[in-house]
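Peer 1: I have a structure I would like to understand better, so I am pasting it below and will then ask my questions one at a time.
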Amino acid sequence: MKLTSVVLTILVALVLQVTLARYMVGGRWAFDLVLVGVIFAALQWGPVAGMFAGTMGGLAQDVLAGDVVGIGGLSKTIAGFLSGTIGQQLLLVRPSARAVIVGMATIVHRLLMIGVFALIDQQWPAVSWGAMLAEVIINTSCGLIAFQAAAALPNALERQRMSRRSSLSRRNW
């Protein structure tokens, strides 16, 4: 596990979530970029990284959102661990396959949140399936973009390095 990479991934996701929070629909989150960052870390670096990222990102998001502290951390930790375990077992290479895991983890995360809130309030909260579907679509799209960028970035940097190296290695006397 690369600790600095996981921490940087979660910090970027938190900053993006807070920055884009003004675009939420109806006072509720229409997307969860912190969850996308947790799943990204879990699929890139394994289930331990997913658990660490889920705990850190979930608790930070709970504190920033003013929700009950710990519910988001618990659900993101479980979703990160499950995603990292599935990623290790299935060897997901394509960004589209990883984006499907983001969609499934979004559903698991949301159902865990609803279940824990039901345990705390001692009543079953109303579930907006349309809002959950919108969150799954947006999170999956963001995950696809993140995984494609992660796959393309090293190649682009290598091409840039090679082009720079070839022009510097020529001696024009």
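Table: residues versus (1) surrounded by 15 or more Cβ atoms within 10 Å (Cβ to Cβ); (2) in a helix (DSSP H, G or I); (3) modelled with pLDDT under 90.
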position: 37; (1), (2), (3): yes, yes, no
position: 50; (1), (2), (3): yes, yes, no
position: 53; (1), (2), (3): yes, yes, no
position: 57; (1), (2), (3): yes, yes, no
position: 68; (1), (2), (3): no, no, yes
position: 106; (1), (2), (3): yes, yes, no
position: 117; (1), (2), (3): yes, yes, yes
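Peer 1: Based on what the data block shows, is residue 77 more than 25 Å from residue 128 (Cβ to Cβ), at pLDDT 95 or above and assigned to a helix (DSSP H, G or I)?
Peer 2: Details: more than 25 Å from residue 128 (Cβ to Cβ): no; at pLDDT 95 or above: yes; assigned to a helix (DSSP H, G or I): yes.
No.
Peer 1: Then there's this: Any residue that is surrounded by 23 or more Cβ atoms within 10 Å (Cβ to Cβ) and either at pLDDT 90 or above or among the aromatic types (Phe, Trp, Tyr) (or both) - is there at least one of those in the range 87-97? Let's see the steps before the verdict.
Peer 2: Filtering the range 87-97 for residues surrounded by 23 or more Cβ atoms within 10 Å (Cβ to Cβ) gives none.
No, because not a single residue in the range 87-97 is surrounded by 23 or more Cβ atoms within 10 Å (Cβ to Cβ) and either at pLDDT 90 or above or among the aromatic types (Phe, Trp, Tyr) (or both).
The values are calculated or read from the model by the stated rules, or taken from the named source; none is laboratory data. Everything quoted here is computed from the prediction, not taken from an experiment. Neighbour counts run over all protein chains shown; Cβ positions are idealised from the backbone, glycine included.
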